[in-house]
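The values are calculated or read from the model by the stated rules, or taken from the named source; none is laboratory data. Worth saying up front: this structure is predicted, and the values here are computed from it rather than measured. Don't worry about glycine lacking a Cβ; one is built from the backbone with ideal geometry, like all the others, and counts go over all protein chains shown. For the accessible areas, the whole protein counts, side chains as well, though only heavy atoms, and no ligand, DNA or RNA atoms are used. Shrake-Rupley method; radii C 1.70, N 1.55, O 1.52, S 1.80 Å.
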Amino acid sequence: MRPAWIEINLSALADNLHNLKSVLSPHQQIIAVIKANAYGHGALPVARVALEAGASRLAVAIVEEAVELREDGCRAPIMVLGATPREAAPLLVEQEIEAPLTDLAGAEALAAAGQHLGRPAKVHIKVDTGMHRLGVRAEEIAPFCEHLRDLPGLEIVGIFTHFSSSQIDPEFTMRQLTLFKQAVAEAERILGYRIPLRHVCNSGATVRYPEAWMDAVRPGALLYGIPRDRGGLYMPEMRPVLALKAKLAVIKPLYRGESVGYDRTWVAPHDTRIGLLPLGYADGWDRLLSNRASVLVHGKRCRVVGRICMDATIIDLTGAPSAQVGDTAVLIGEQEGQRIEVHEIAALCNTVVQETVSRFSGRLPRVYFAEPGDERVYRALAEKRSMLSDAPLRERARAGQHG
Ligand SMILES: Cc1ncc(COP(=O)(O)O)c(C=O)c1O
């Protein structure tokens, strides 16, 4: 296996689902957001474990992601969150994939496909309450629903909106929530029934606003344990699921005054040893981390020095004087009681945790493991145990404390 890889702790993922479930009311569902290959964690194993551990529905961004899950044998309800091409309507109905209703033309295409195939297109009305990205504007929901009422071939299973600033702006978030509730009341008055699934909460809102949990919450980042605030007043702390690791491929001396890498951006202030990690920006290890990030070697922070290359990263081994070629460096995750969090890396890149993890490329192997005896994970992967690799566990045992 390539000596730079991502480890996915499926037991941590299952715990997170379980923790979230434990604070929700029994009638409140979890819609696990697994778009973009489950934020880089791997959609198929994450879907299986999330469903086993408490999610009742999956959400993806594009039709292709939903189809891949169906092809893997996933029969659970799946909804698409993003803009859905009208031509995809027949496929969505055929595969029983739920679509967002965002405009009349889309609704008509789905209704026509539903009628043609003799089974309704399942849809969620998307209300735009202030994100201004996708959805029917809240004040236009009444005429929209009047049209829907006349369209056979649709089954409205849900209605939802998306918060633009749930982590930073309570006032605007509450305004969005109020607008949403008004839109739901209007929609239901016109349609003449209660829409079964009302859902608004992304991770930021799930953590902060229990009054907005409604019929279902719809978190992504929280399930992977990556936000800075991944717990708090209303729920237990979520566990990080992903770790990024690489083995030291080369170690060499660098003498005071010598520089490292492209453009000579770091000059050794004293004689030292440097180590090469065999991954770079083509793996999604962002070039902005050059001369800024640290990695753990023997549980000690070692700085990234010089510019990160496409396929290589140099670190200063001053903090880990006994490091050897082949030792494992932890770029994200835990080693000997020390941790580097995804949100730390995201902050150094001036971005959000979602971008950091979803950009890790397919070139980095994903290694899935369960903690010993975790029946939930074994059950979830029953026919696909081959997805699990105990290699990291064996390696840890072999390498003792350096795993
Ligand atoms: C419509 C919608 N709902 C939920 C989510 C999950 O967001 P988060 O990862 O912040 O929980 C996203 C992600 O961007 C989204 O687009």
Q: Give me the aspartates and glutamates in straight-line cross-link reach of K252: C-alpha distance below 15 Å, same-chain residues under 8 apart excluded.
A: D271, D316, D327
Q.
Quick check for you: with a 1.4 Å probe and neighbouring chains kept, what is the accessible area per residue of segment 275-370, in Å²?
A. 37
Q.
Give me the one-decimal nm value for the distance between modelled label points at Y262 and L233, 7 Å along each residue's Cα-to-Cβ direction.
A. 4.7
Q: For the chain, set up a Gaussian network in which alpha carbons nearer than 10 Å are linked by springs, and say which option among E71, E355, E341 fluctuates the most.
A: E71
Q) What's the extension gain from R287 to H270 if we count 0.36 nm per residue and subtract their Cα-Cα distance? A) 3.7 nm
**Q.** Summed side-chain charge close to S361 - residues other than S361 whose Cβ falls under 14 Å, Lys, Arg +1, Asp, Glu -1
**A.** +1
(Q) Could you identify which residue out of P90, P77, P143 has the top mean-square fluctuation in a GNM of the chain using Cα springs shorter than 10 Å? (A) P143
Q) For R189 and A61, what is the calculated FRET efficiency with R₀ set at 22 Å and r taken between the beta-carbons, to the nearest 0.05? A) 0.10
Q. Roughly speaking, what is the stretch gain from R2 to A83, that is 0.36 nm per residue apart minus the C-alpha to C-alpha distance, in nm to one decimal?
A. 25.5 nm
Q: For the chain, give the percent of accessible area contributed by carbon and sulfur heavy atoms, probe 1.4 Å, rounded to a whole number.
A: 51
Q: Could you tell me how many degrees, from 0 to 90 and to the nearest 10, lie between the Cα long axis of helix 104-117 and the main elongation axis, the longest principal axis, of the Cα atoms of the chain?
A: 80
Q: List the lysines whose Cα lies under 23 Å from the Cα of K247, skipping any in the same chain that are fewer than 8 positions away.
A: K300
Q | Peptides ranked, highest mean first, by Cβ atoms within 10 Å: ranges 149-158, 213-222, 194-203 | A | 213-222, 194-203, 149-158
Q | Angle in degrees between helix 43-53 and the longest Cα principal axis of the chain, rounded to the nearest 10 | A | 70
Q: Report the dimensions of segment 10-224 along its three principal axes from the alpha-carbon atoms, largest first, rounded to Å.
A: 47, 42, 28
Q) Between E71 and L151, what is the spin-label point distance in nm, taking each point 7 Å from the Cα along the Cα→C-beta axis? A) 2.8
Q | Stokes-Einstein D for the chain, Kirkwood Rh over Cα pairs, 37 °C, 0.692 mPa s (µm²/s) | A | 144
Q: Tell me what the chain gives for mean residue ellipticity at 222 nm when only DSSP H runs of n ≥ 4 count, each as -39,500 (n - 2.57), the sum divided by the residue total, rounded to 500 deg cm²/dmol.
A: -9000 deg cm²/dmol
(Q) Between R301 and A105, what is 0.36 nm times their sequence separation minus the Cα-Cα distance? Round to one decimal in nm. (A) 65.0 nm
Q | Choice from A88, A205, A111 with maximal GNM fluctuation in the chain (Cα, 10 Å cutoff) | A | A88
Q: Using only protein heavy atoms and a 1.4 Å probe, report how much of S25 is accessible, in Å² to the nearest 10.
A: 50
Q: Over segment 57-141, consider all pairs of different Cα atoms and compute the Kirkwood hydrodynamic radius from their mean reciprocal separation; express it in Å, one decimal.
A: 13.0
**Q.** Using distinct alpha-carbon pairs, which all enter the 1/r mean, Kirkwood radius of segment 233-298 in Å
**A.** 14.6
Q: Evaluate the distance, in nm, between pseudo-label points positioned 7 Å from the Cα of E94 and of I168 along their respective Cα→Cβ axes.
A: 4.4
Q: Towards the positive end of the charge dipole of the chain, with charges on Cβ (+1 Lys, Arg; -1 Asp, Glu), say which of A59, L134, A323 has the farthest Cα.
A: A323
Q) Tell me, what is the per residue accessible area of segment 10-224 in Å², probe radius 1.4 Å? A) 38
**Q.** Dipole magnitude (debye, nearest 20) for the chain, charges at Cβ of Lys, Arg, Asp, Glu
**A.** 1040
Q. Based on the inverse mean of 1/r over its pairs of different Cα atoms, what is the Kirkwood hydrodynamic radius of segment 242-369, in Å?
A. 14.6
Q.
For a quick size check, give me the Cα extents of segment 122-185 along its three principal axes, largest first, whole Å.
A. 41, 20, 19
Q: Rounding to the nearest 20 debye, state how big the charge dipole of segment 152-270 is about its Cα centre with +1 on each Lys and Arg Cβ and -1 on each Asp and Glu Cβ.
A: 560
